[in-house]
Amino acid sequence: MALAAETAAWLESSGHGAVVFGDAYSPADGNDETAIASKLDLAVSLGGDGTMLRTVDLVSQEGVPVLGVNLGHLGYLTAVEPEDLKPALSRFLRGDYLIESRMTLDISVSDGRDGTTSVFHRSALNDLVIQRLSGRHTVRAAVAVNTTPFLTFLADSIILATPTGSTAYNLSARGPIASPRARVQILTPVAPHMMFDRSLILDSDEEVSITLEGTQPADLVVDGWKAANLNPGQTLHSRKGGRDALLVTFAERDFHDILKRKFNLSTP
């Protein structure tokens, strides 16, 4: 918060308007701060990838680009270190920057498979997870692709990830890593209680529907935040988002090099 206040004061002294959001913003709260997004030219995220996800959720529907400043550990999404923030902002204000577009997911929940009665709507940059409640039995979820039934999964959780999210929970569940430039959806079961335990890679234009079956409710987690409770009979619908997340960079990022550095991979 001190860095945010210092940076805002620096911007204002240079003739620019600045708004500092509090650290209590949660996508699940429907915070009034979302109304400010339409007035922004840039959002600056101070933190790690989790803070970036929260910032993208706040502004992406208004097409506002996000500059990530890495105060965390991994920093897949962030572009600069804290000591480089002011020079980075100066470059942005001069128009000397690049925009990296990342695919998002458009998510809704309905009370039935036909999707006619929507009870929830959100977008995601990383992933959505349908997970069993603590201490409860496994999740039983029927997956359909373009309304055609595919398979009913029995697992601890079901992950549906974007390429950006392929290096998050999906990776921990041994799902595939995808280039962030790809346009795919990755469906990965977590600890499946069945013979089929592979991930499924789907085209971005395919609609994925997941209906919660059985008698056990489940949690719906979107980009790391608990978004809703799912009850048996409710259906989650996911498709490619109508707007990409716009990430500010200052050079072409080599995803494969970042991957090698983050995991300390060496070339034989």
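The values are calculated or read from the model by the stated rules, or taken from the named source; none is laboratory data. Bear in mind the structure is a predicted one, so any value in this text is a computation, not a measurement. Here the Cβ positions follow ideal geometry from the backbone for every residue, glycine too, while neighbour counts run over all protein chains shown. Remember, those area values only see protein heavy atoms, side chains included, never the ligands or the DNA or RNA. Shrake-Rupley method; radii C 1.70, N 1.55, O 1.52, S 1.80 Å.
Summary table below
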read-out	value
Over the chain: helical MRE at 222 nm, DSSP H runs n ≥ 4 each giving -39500 (n - 2.57), nearest 500	-4500 deg cm²/dmol
Heavy-atom accessible surface of the chain: percent carbon and sulfur, 1.4 Å	50
Neighbour net charge for N231 - beta-carbon separation under 12 angstrom, K R +1, D E -1	-3
Solvent-accessible area per residue for the chain (1.4 angstrom probe, square angstrom)	49
DSSP beta bridges in the chain [antiparallel fraction, %, rounded to 5]	90
Gyration tensor verdict on the range 118-158 (Cα atoms; rounded if a/c is under 1.5, prolate if a/b is larger than b/c, oblate otherwise)	oblate
Global form of the range 110-207, assessed from the alpha-carbon gyration tensor, a/c cut-off 1.5	rounded
Residue-count net charge about N146 - beta-carbon cut-off 11 Å; Lys, Arg +1, Asp, Glu -1	-3
